[in-house]
Every structure is written in structure tokens, then in C-alpha cells.
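Take a look at the structure set out below.
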Amino acid sequence: MADARPRVGHLTGTSRGRPRTSDSGRIAWLATLLKGRPRQRRDLCWQQRQAQAPELWLVIVDASASTRRNQALAQAKGLLAGLFDEAYRQRARLALLTASGNRPQWQRHGLKASAALQPWLQALGAGGGTPLPAALEEARQWLLARSKRLPHETQRCLVLTDGRLQQGPVLQPLPCVTLLVDMETAAVRVGRARQLAEQLQADYRHIEQFAVVK
């Protein structure tokens, strides 16, 4: 069963929760964070159309049953709606991999972002187990193979998970800049998503750092 209707998410910390603006346009926070933590002005991505090197954004979504708690997946869907909009503006290609049930499933393989993603996002629901380790390893192998075919493409990865998975083998980092967004929103939190980010050598953000606005 699909969760609540997604709403667009933006990163908090700017004036009244709105994206900062400049002569270059509005800051695209999700695109910026996918490049790694910004340390200077030139690290920022702006919401404008301009020629740039080809980019691939790989999104891995933990859609296991535990992400139904406290509307965690619904919040993640709001974040993804904003990400898809930014991917379209940045002319990035998107790959989508979901982790639920018995095995991960590819939903999209490096196609251009488009409005066709919205119906899929609306229908995305949670259930079953958490094959996230398998999804991460499959994604790692896929990215390595793709980089050999497309060496000039810049790869970035976003992982959305509550970190509630069984103890498994040590995970290998993905071969690109990775941002892990922690979806755990329960009153009592296990905090495994942060540990997972450390294993993956990924930047860590909690989903509550993204303000959801209508």
C-alpha cells in the first residue's frame, strides 16, 4: 500500500527554510549535497539550466516494512520529489534501486529525469524484509561497470534508509560520492544508519534536516 502523497523537501538552515538565492539562481541543496559537503561557494549547485559534464544520480531506497513507521517513507517520498525536480533542472540521468522483500529491484537504469517518475513515486510502498546490503553490492558492481563504459560521466549516490537491518558482512563503499539520509523517526532510535554511513564512507544527514513544505 502506498504511503501519503509526497511533498517537496528542501534543506533547512536558510532564511525561513527557503532556498538561498543569488545572481546565479537558487541553490539546489540536494544536488549540492550529492557532491559532498560544500566548503566554499564554488561547491554549490544552482537551480538553472546550463551546459555541464554528464551526471548520473543513483538513488537507493530502503522500502522495507520498518520504513512505514512514523511516516518515514512518506517523508522520504517528499524528499525524492524534490530530488527528481532538481535532476530534471540539472539534466542529470537517474537510476533507481529499491530494497524491499526478498531482493533489490531496479526501477530505472540511468534514464533522463522526467515527469514519468511521479506516478512511480506516488505508488511506492513499503513491505517485507530489508535486502539493503544486497542492493548496495549490486549498485557498486553496476556503477563500476558503467564507469568503464562512460568514463566521463560523474556518478553520485543517494541512499535512503532507517538502518534497521540485520547484522551482515562489512559493506564496501560505493565508487562515487555518496550521501546517506537517515529515515529513522521513532521516539527511541537505534542509530544504525549513522554506522552504515561510516561503513560506506558516506556523508550523513537525518531526514529531519530537510524541511518538508507544501
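Only the coordinates and a few stated rules stand behind these numbers; no lab work does. What you see is a predicted model, and the numbers here were worked out from it, not measured in a lab. When we count neighbours, we look across all protein chains shown, and the Cβ atoms used for this are built from the backbone with ideal geometry, even at glycine.
For the range 137-214 and the range 63-83, what is the separation of their Cα centres, given in Å?
Taking the Cα centre of each part, the range 137-214 and the range 63-83 sit 14 Å apart.
Could you compute how fast the range 148-190 diffuses translationally, taking Rh as the Kirkwood radius over C-alpha pairs and applying Stokes-Einstein at 37 °C with viscosity 0.692 mPa s? Give it in µm² per second.
D = 252 µm²/s.
Quick check on the exposure proxy: order Asp182, Asp62, Asp85 from fewest to most C-beta atoms within 10 angstrom.
Fewest-to-most Cβ neighbours within 10 Å comes out as Asp85, Asp182, Asp62.
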